[in-house]
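Student: My questions all concern the structure below.
Values in this text are rule-based calculations from the coordinates and carry no lab data. Here the structure is a predicted model, which is why all the values come from computation and not from measurement. Don't worry about glycine lacking a Cβ; one is built from the backbone with ideal geometry, like all the others, and counts go over all protein chains shown.
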Amino acid sequence: MFLSGPESGVLVALLAVPLLILVAVLVWVLRLQARVRRLEAHRPAGEADIAELKGEIARALRHVAVVRYDAFGDMGGRLSFSAALIDDSGDGVVISSIHARGESRTYAKGIVAGKSDTTLTPEEQQALAAARSGKASA
């Protein structure tokens, strides 16, 4: 059964927020990589320049993994997801969106050195492990 009326607009808006955040972070990383290429092409980079750029890239949230799943047994379509976005040190965020029949909830949990100060769900742990290992999730 599909939602109609104002409920469907709210549902779309709730699902769109985490996806917009993910897209914004990925665009930022791509721009940073383009900046590095331009700097290397326009002038010889010195040791200090290269070290600074490597430091910036290491702090970029460039390790990303998404795990999609059915949060509730009566729902299909794997509409819920957990996305991990971390840097080389394991610092970043895990964003989860839990889709139910009548609502959708979004959660964000900070990650420092690969760990969270709040308990991660199994799906969030799976997304974090996939982001750290560089292996894609589904």
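Student: Could you work out the Kirkwood radius for region 6-133, taking every pair of different alpha carbons, averaging 1/r and inverting it, reported in Å?
Tutor: 16.2 Å
Student: Could you give the length gained on full extension between Ala51 and Leu14, defined as 0.36 nm per residue of separation minus the Cα-Cα distance, in nm?
Tutor: 9.3 nm
Student: Okay, next question. What is the sum of charges, Lys and Arg at +1 and Asp and Glu at -1, for the other residues whose Cβ falls under 15 Å from the Cβ of Arg59? Mind showing how you got there, number by number?
Tutor: Values: positive: Arg31, Arg35, Lys54, Arg62; negative: Glu52, Glu56, Asp87, Asp88, Asp91.
Once positives and negatives cancel, what remains is -1.
Student: Also, I was wondering about something else. Taking amide H atoms as placed 1.01 Å from N in the peptide plane, list the residues 5 or more away in sequence, or in a different chain, whose amide H sits under 5 Å from that of Gly114.
Tutor: Amide H neighbours of Gly114, under 5 Å, 5+ apart: Asp91.
Student: Would you mind telling me which residue in Ala127, Ala84, Ala58 has the biggest mean-square fluctuation in a Gaussian network model of the chain, where springs connect alpha carbons within a distance under 10 angstrom?
Tutor: Among Ala127, Ala84, Ala58, the largest GNM mean-square fluctuation belongs to Ala58.
Student: Length gain on complete extension for the stretch Arg38 to Lys135, per 0.36 nm per residue less the alpha carbon to alpha carbon distance?
Tutor: On the way: separation 97, 0.36 × 97 = 34.92 nm, distance 2.89 nm.
Using 0.36 nm per residue and subtracting the Cα-Cα distance, I get 32.0 nm.
Student: To continue, here is another question. Find me the longest stretch of the chain that has none of the exposed chymotrypsin sites (Phe, Trp or Tyr not before Pro), where exposed means in a DSSP loop (not H, G, I, E or B) with at most 14 other Cβ atoms within 10 Å.
Tutor: On the way: sites that count: Phe2, Phe72.
Answer - 3-71.
Student: Another question about this same structure. Within the chain, which whole H helices from DSSP have a Cα span along their axis of at least 15 Å and a mean Kyte-Doolittle hydropathy of -0.5 or more, if any?
Tutor: Membrane-span-like by this rule: 6-42, 47-58.
Student: Oh, and also: Which ³J(HN,Hα) values in Hz, rounded to whole numbers, follow from the phi angles of region 104-119 under the Karplus curve 6.51 cos²θ - 1.76 cosθ + 1.60, where θ = phi - 60° and Gly and Pro get x?
Tutor: Per residue, the Karplus-derived 3J(HN,Hα) values read 9, 10, 10, 10, 10, 10, x, 10, 10, 6, x, 10, 10, 7, 10, 5 Hz.
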